[in-house]
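Here is the structure we will look at.
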Amino acid sequence: MPSFVITEKCDGCQGQDKTACMYICPHDLMALKEVVDKETNEVKMKGVNQEPVQCWECYNCVKICPQQAISIRCYADFAPLGGEVIPMLGSDSIMWTVKFRNGNLKRFKFPVRTVEAGNVDIRSGVGEASADISRIKDPGFYTHHANGSALPTPS
Ligand code: SF4
Ligand code: SF4
């Protein structure tokens, strides 16, 4: 199910050159386009998923949007239009809201991390030698096994 932008909620990331959804999309699908407001005829810049069929359905754009303006819509050929899935990312969990076509709502909340935000030990488990930042340009640094075994050499 690809993402789509609810234009009424999107503020174009307040005119920044690169919006949050453009920054995060791994497939470069999100773009800023001029959209005409049907009521006022005003032209505003809004985020759009320019090629939904190419969408990887990773939902990064959905999670990062500061306005919660991106939602998920089922393909019309296998699910009747009207169904919708809206994720809302919190600091330690994600809340999925599922809207059914008949108006029913279901919500599911799942934890998204096991360590409190800002407290991940990025060097955990790599060993003292690999954690020595002065060796940043050494071959094998950080991918080298923590026991210090020698890298293979060409014969
Ligand atoms: Fe609009 Fe959200 Fe994209 Fe910003 S991240 S342009 S608010 S859809
Ligand atoms: Fe890009 Fe993923 Fe959003 Fe699809 S769901 S538009 S691939 S960020």
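The values are calculated or read from the model by the stated rules, or taken from the named source; none is laboratory data. Please read these numbers as outputs of a predicted model, since none were measured by experiment. Cβ placement follows ideal geometry from the backbone for every residue including glycine, while neighbour counts extend to all protein chains displayed. For accessibility, only protein heavy atoms count, side chains too; no ligands or nucleic acids. Shrake-Rupley method; radii C 1.70, N 1.55, O 1.52, S 1.80 Å.
Assorted remarks:
- Just one of (1) more than 10 Å from ligand 1 (Cβ to nearest atom); (2) out of contact with any strand residue (DSSP E or B) (no Cβ under 8 Å at 6 or more places or on another chain) fails for K44. It is (2).
- Of the set (1) more than 14 Å from ligand 2 (Cβ to nearest atom); (2) surrounded by 14 or more Cβ atoms within 10 Å (Cβ to Cβ), all apply to T114 but (2).
- Some residue of the range 22-42 being in contact with a Leu (Cβ under 9 Å, 6 or more places away or on another chain) and either assigned to a helix (DSSP H, G or I) or open to solvent by less than 70 Å² (accessible area, probe 1.4 Å) (or both): yes
- Going through (1) away from ligand 1 (no atom under 14 Å from the Cβ); (2) touching a residue at least 40 places away in the same chain (Cβ under 8 Å); (3) open to solvent by less than 70 Å² (accessible area, probe 1.4 Å) one by one, A69 falls short only on (1).
- Of the residues screened, C61 is one that is within 28 Å of V115 (Cβ to Cβ) and open to solvent by less than 40 Å² (accessible area, probe 1.4 Å).
- Selection status of W96, open to solvent by 40 Å² or more (accessible area, probe 1.4 Å) and assigned to a strand (DSSP E or B): yes
- Single unsatisfied condition, S130 versus (1) surrounded by fewer than 12 Cβ atoms within 10 Å (Cβ to Cβ); (2) at pLDDT below 90: (1)
- The C-beta contact set for the range 16-39 (first residue of a type in the set (S, T, Y), second residue outside any strand (DSSP E or B), distance under 6 angstrom, 6+ apart or interchain) comprises T19/C13.
- Within the range 5-35, the only residue that satisfies the criterion of being among the hydrophobic types (A, V, I, L, M, F, W, C) and more than 25 Å from C74 (Cα to Cα) is C13.
- Matching residues in the range 1-16 - criterion: being in a loop (DSSP other than H, G, I, E, B) and hydrophobic (A, V, I, L, M, F, W, C): M1, I6, C10
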